[in-house]
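Worksheet: one structure, shown below.
Read-outs throughout are calculated quantities, based only on the coordinates presented, and are distinct from any laboratory measurement. Bear in mind that the values here come from a model prediction, so they are computed numbers and not experimental data. So basically every Cβ, Gly included, is an ideal-geometry build from the backbone, and we count neighbours across all protein chains shown.
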Amino acid sequence: MSDDDHIAEPLPLDAWHRARGARMVPFAGYAMPIQYEGIIAEHTWTREHAGLFDVSHMGQLTLSGEGLDEALETILPADVKSLGVGRMRYSLLLTETGGIIDDLMFSRWPTKIYMVVNGAVKAGDIAHMREKLPAAITLTHMTERALLALQGPEAFAALARLTTGQWDLSALTFMMGGPYQIGGIDAFITRSGYTGEDGFEISVDATDVEKVADLLCQQPEVKPIGLGARDSLRLEAGLPLYGHDLDTDIDPVSADLGFAISKRRRAEGGFPGADLILKHLSDGAPTKRVGFAVEGRLPAREGAEIFAGDTKVGTITSGGFAPTVGAPIAMGYVAAAHAAPGTSLEIEVRGKRLAATVTPMPFVPHRYVRKGAA
């Protein structure tokens with residue numbers, strides 16, 4: 001337990017984690033499990049089987065009201081209007097100059113939009129949206145909900161055994177969601193996650209989450225997994241983490257998130273920072289988020305400087321040892337002239353220069369189950 005643990009707010013599963021031997025640390029204002037049996041073992045288990053993550057620190061919101069789609073399109077660069085019921089999209093809250101306030105997921109419910117935002121910035125996100133959206137839009141922070149992520153190649157087998165609903169669970173493919181019951185408990189399940197593996201996010205009432213977590217961990221494929229492995233998994237998957245790889249000084253094109261600007265919105269504009277973002281889409285951004293394979297065994301961490309000869313050309317934003325790769329990897333921002341895959345650069349770590357090569361991401365292939373895939 002951390003010395004600061006007492007100042008971090010407990011999540012609904014706090015006692016459940018501690019009973020399973022979790023080492024708890026403060027994160028995003030909450031006490032959260034960083035590991036149970038060890039980060040590498042938990043990382044490997046998730047890649048091979050199924051890991052259960054408590055992500056109840058995330059902000060779960062619903063938005064409803066007259067003119068909702070049009071209102072959301074004034075603050076997001078997504079095509080909200082074309083989103084069908086049960087579908088979900090990745091999007092971004094943006095400043096007027098195109099900086100990223102947060103990245104998020106949103107889904108269409110029959111009468112509402114359901115949105116999940118990052119835990120560390122959810123209060124700011126909510127305040128921003130309430131300021132920018134018209135009075136006709138009702139934004140509800142679902143503080144009574146908990147959120148679990150079940151991730152890994154055996155996640156479907158474990159969850160399908162417990163799930164009933166209007167549709168068979170196999171009807172859900174990547175970036176789809178719907179209402180289900182798990183052991184008779186109402187849940188909203190999406191086929192999504194942040195590990196690069198197939199998996200699901202499960203929203204349930206906080207009073208039911210312990211029973212759901214128990215049911216899942218009774219399945220032979222499933223073990224509880226901490227924040228440490230969540231971070232190493234998302235890094236191998238090449239997925240940026242808000243507050244590290246994304247912030248209000250970084251625009252979506254520099255962040256290699258241009259896919260979040262939908263085709264119609266590229267043509268029409270009308271979202272915050274559109275002038276700069278559309279210019280970067282057409283002409284290229286001056287910097288770019290890229291991956292690095294790092295030579296040797298020493299990991300390059302956030303804040304390490306990147307050099308081409310004697311010239312600093314960028315900064316590492318995430319890095320560490322990648323258990324699946326078996327070597328250190330990193331991601332960071334470099335000047336566009338040095339962003340091509342195969343470019344040889346150096347990263348300064350503890351006064352030493354480590355040889356590093358710009359490498360396409362993800363470092364480990366994604367295994368999402370997409371619609372129409374075999």
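Quick one: Cα centre-to-centre distance for segment 118-138 and segment 58-111, in angstrom?
Here the two parts' Cα centres lie 11 Å apart.
Using only the alpha-carbon atoms of segment 60-141, report the extent along each of the three principal axes, biggest first, to the nearest angstrom.
Principal extents (largest minus smallest coordinate, Cα): 30, 25, 23 Å.
For residue 211 and residue 247, what is the calculated FRET efficiency with R₀ set at 41 Å and r taken between the beta-carbons, to the nearest 0.05?
Here the calculated transfer efficiency is 0.60.
Once R0 is set to 41 Å, what does the formula 1/(1 + (r/R0)^6) return for the Cβ-Cβ distance between residue 181 and residue 123, expressed as a FRET efficiency to the nearest 0.05?
About 0.80, to the nearest 0.05.
Relative to a virtual label point 7 Å from the Cα of residue 173 in the Cα→beta-carbon direction, which members of segment 354-374 show backbone nitrogen distances below 18 Å?
366-374
Can you tell me, using C-alpha contacts under 8 Å and at least 6 residues apart, the relative contact order of segment 225-289 as a whole percent?
Over segment 225-289, the number comes to 34 percent.
Suppose only helical runs count, i.e. DSSP H with n ≥ 4. What mean residue ellipticity at 222 nm does that imply for the chain under -39500 (n - 2.57) per run, divided by all residues and rounded to the nearest 500 deg cm²/dmol?
Roughly -5500 deg cm²/dmol at 222 nm, from the helical runs in the chain.
With a 10 Å Cβ neighbour count serving as the proxy for reagent exposure, in which order, fewest first, do 210, 73, 236 appear?
In order of increasing Cβ crowding within 10 Å: 210, 73, 236.
Identify the residues of segment 315-345 with backbone N under 20 Å of a label point that sits 7 angstrom from the Cα of residue 308 along the Cα-to-Cβ direction, or state none.
What the label zone holds, given the 20 Å backbone N cut-off, is 315-317, 330-345.
Provide, for the chain, the number of lysine pairs with alpha carbons under 26 Å apart, each pair being eight or more places apart or on different chains.
Here the count comes out as 22.
With +1 on each Lys and Arg Cβ and -1 on each Asp and Glu Cβ, how big is the dipole of segment 122-235 about its Cα centre, in debye rounded to the nearest 20?
The calculated dipole for segment 122-235 is roughly 280 debye.
At a 10 Å Cβ-Cβ cut-off, how would you order 156, 321, fewest neighbours first?
So the ranking, lowest neighbour count to highest, is 321, 156.
Hey, can you rank 286-293, 191-198, 36-43, 304-311 by average C-beta count inside 10 Å, highest first?
Listed from highest to lowest mean packing, they are 191-198, 286-293, 36-43, 304-311.
Counting other Cβ atoms within 10 Å, which trypsin sites (Lys or Arg not before Pro) in segment 225-267 have at most 12 and lie in a DSSP loop?
none
In percent, how large is the relative contact order of segment 60-141, given Cα pairs closer than 8 Å and 6 or more residues apart?
With pairs under 8 Å counted, the relative contact order is 39 percent.
Which FRET efficiency value, to the nearest 0.05, do you get for residue 352 and residue 259 by plugging their Cβ-Cβ distance into 1/(1 + (r/R0)^6) with R0 = 25 Å?
0.10
Using +1 on the beta carbon of Lys and Arg, -1 on that of Asp and Glu, and nothing else charged, what's the dipole of segment 60-141 about the Cα centre, debye to 20?
Result for segment 60-141 is approximately 300 debye, rounded to the nearest 20.
Determine the shape class of the chain: with a ≥ b ≥ c the square roots of the Cα gyration tensor eigenvalues, call it rounded for a/c under 1.5, and otherwise prolate if a/b is greater than b/c, oblate otherwise.
oblate
Pairs of Cα atoms under 8 Å, at least six residues apart: use those to get the relative contact order of the chain, whole percent.
Relative contact order, the chain: 17 percent.
Using the Cα centre as the reference, give the magnitude of the dipole from point charges on the C-beta atoms of the chain (Lys, Arg: +1; Asp, Glu: -1; all else neutral), rounded to the nearest 20 debye.
Roughly 840 debye for the chain.
Give me 232, 170, 82 ranked fewest to most by other Cβ atoms within 10 Å of their Cβ, as a rough exposure proxy.
Starting with the residue having the fewest Cβ neighbours, the order is 170, 82, 232.
Putting +1 on Lys and Arg Cβ atoms and -1 on Asp and Glu Cβ atoms, find which of 173, 133, 162 reaches farthest to the positive end of the dipole of segment 122-175.
Most positive-ward Cα: 133.
Can you tell me the length gained on complete extension of the stretch residue 97 to residue 366, counting 0.36 nm per residue apart and subtracting the Cα distance?
Contour length minus the Cα-Cα distance gives 93.7 nm.
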